[in-house]
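Please read the structure below before turning to the comments.
Quick note: the coordinates plus some simple rules give every number you see, no bench work behind them. None of these values were measured; they are calculated from a predicted model. With ideal geometry, Cβ positions are generated from the backbone for all residues, glycine too; neighbour counts draw on all protein chains shown.
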Amino acid sequence: MRTKSPSLNALRVFSVAAHAASFKQAAQQLGVSQSAVTRQVQALEEQLGTRLFQRDNRVHALTPAGQALAPELQRIFRELERTVERTRDVGDSELTTLRLAVPESFLRWWLSARLADFYALYPHIRLHFSTVALFPDSTEKSLLSNALQHESLDLAIHYGGLRDKSVRQSTLYTPVYIPVAPLAESSQLDERNWLIDPQSAYWQQFSKVQARLSKRVPVLPVSNSNIAVDLVQGTAQITLLDRLFLQHPDLQPYQQFTDYQVSLPEAVQLSVKSRQRQPVAVVAFSKWLESRLQASLR
């Protein structure tokens, strides 16, 4: 009659116990009870027909059979771990498409100019973009959370936090908004037209911090900052822009009124679905984005 092969779990438990100071320590490493370790070792001894540990409560010692088996099992389990990791790497190296939701202004004025750098580092990752509002409201945030949960999105970049425990968020940066004008002019700031989205978080914050000025300036309402940039081109009119965006070559010549800059109360976040282990492509893009932003904000 064919002898039943020892279970992989029992062999793993023995391997850990053989290199631990006690069964109690082995149980802590494995996240199980001490009695569970004892049962697995006893079951393995029965299957092998030999004792692996000395039966002395004062000493945690291997028998000659245990001494012969322990190092071989350790070698086998290490090789198994390497094989599993290589398998993961092979799967992760295949062409991968990441689906990102980003604010159009962030893509237009900062991210797009740096994508060649990302593709050079990660040629097997392709990015598919959709846009979200620069300052999403509660409904839009709920839609973002739902898309991440159901994996129709892999990553989302957005201002303000998402109230969803199934989404993992990391802070990218806190926006600083500065009044800018394409053409310098001697007239006072409150004598020029300001192209502003009155409902935006940046104008609401500016109105609080720079209350005296904001009450005096003539505001021409626009629906978003990209429209404002397009309309102020070639004029001395003023709009408010994220300091990060002002690194773009088209915006660098703008006159900046840094005495009136304001920091927004919340940060721009990078959100992904909460997982025990994130896909390699998600980790690669997240770390690349964070490092490039840190370099830009120095």
**³J(HN,Hα) computed for each position of the range 150-161 - Karplus, 6.51 cos²θ - 1.76 cosθ + 1.60, integer Hz, glycine/proline x** = 8, 6, 7, 10, 9, 9, 9, 10, 7, 8, x, x
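Pick out, in residue order, every one of the trypsin sites (Lys or Arg not before Pro) in the range 246-286 that is DSSP loop and has at most 15 other C-beta atoms within 10 Å; say none if there are none. Can you show the working numbers first?
Numbers: sites: LYS273, ARG275, ARG277; in loops: ARG275, ARG277.
Loop-located and lightly packed - ARG275, ARG277.
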**Prompt:** When the Cα centres of the range 25-43 and the range 64-82 are compared, how far apart do they sit, in Å?
**Reply:** 18 Å
**Derived scalar couplings ³J(HN,Hα) [the range 17-30; Karplus, 6.51 cos²θ - 1.76 cosθ + 1.60; whole Hz; x for Gly, Pro]** = 5, 5, 10, 9, 6, 6, 5, 5, 5, 4, 5, 5, 5, 8
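With N set to the residue count of the range 176-263, report its C-alpha Rg divided by 2.2 N^0.38 Å to two decimal places. Can you show the working numbers first?
On the way: Rg = 11.6 Å, N = 88, 2.2 N^0.38 = 12.1 Å.
With N residues counted in the range 176-263, Rg over 2.2 N^0.38 Å equals 0.96.
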**Prompt:** Counting only residues 5 or more places away or on other chains, whose amide H sits under 5 Å from the amide H of THR131 once H atoms are built in the peptide plane?
**Reply:** VAL102
**Item:** Isotropically averaged projected area of the range 8-91, using the convex hull of Cα atoms (one quarter of hull area), nm²
**Value:** 5.9 nm²
**Prompt:** Assigning unit charges at the beta carbon (Lys, Arg +1; Asp, Glu -1) and nothing else, what dipole magnitude in debye, to the nearest 20, does the range 176-263 show about its Cα centre?
**Reply:** 320 debye
**Asked** Structure shown: which of LYS165/LYS287; LYS208/LYS287; LYS215/LYS273 lie over 32 Å apart, alpha-carbon to alpha-carbon?
**Response** LYS208/LYS287; LYS215/LYS273
**Relative contact order computed over the range 8-91 (Cα-Cα under 8 Å; 6+ residues apart), in percent** = 26 percent
**Difference of contour (0.36 nm per residue) and Cα-Cα distance, THR131 to ASP250** = 40.7 nm
**Message:** I'd like to know which of LEU8, ALA61, LEU48 lies farthest towards the positive end of the charge dipole of the range 8-91, counting +1 on Cβ of Lys and Arg and -1 on Cβ of Asp and Glu.
**Reply:** ALA61
**Asked** Once both axes come from the Cα atoms, what is the angle between helix 64-92 and the longest principal axis of the chain, in degrees from 0 to 90, rounded to 10?
**Response** 30 degrees
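What FRET efficiency do you get for ARG275 and GLN54 if R0 is 51 Å and r is their Cβ-Cβ distance, rounded to the nearest 0.05?
Working: r = 43 Å, r/R0 = 0.85.
Result of the calculation: an efficiency of 0.70.
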**Request:** Can you pull a Stokes-Einstein diffusion coefficient for the chain at 20 °C (1.002 mPa s), Rh from Kirkwood over Cα pairs, as a whole number of µm²/s?
**Result:** 89 µm²/s
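What is the calculated FRET efficiency for LYS24 to ARG163, with r their C-beta to C-beta distance and R₀ = 45 Å, to the nearest 0.05?
On the way: r = 42 Å, r/R0 = 0.93.
Rounded to the nearest 0.05, the efficiency is 0.60.
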**Message:** Please list, ordered by chain and number, the residues whose modelled amide H lies under 5 Å from the amide H of TYR173; skip anything fewer than 5 residues away on the same chain.
**Reply:** VAL268
**Asked** Over what distance in Å are the Cα centres of the range 111-149 and the range 189-211 separated?
**Response** 28 Å
**Message:** Quick one: 3J(HN,Hα) in Hz for the range 109-118, Karplus 6.51/-1.76/1.60 with θ = phi - 60°, rounded, Gly and Pro as x.
**Reply:** 9, 9, 6, 4, 5, 10, 5, 4, 5, 5
**Request:** Quick one: which residues, 5 or more positions from LEU297 or on another chain, have an amide H under 5 Å from its amide H? H modelled 1.01 Å from N in the peptide plane, none for Pro or chain starts.
**Result:** none
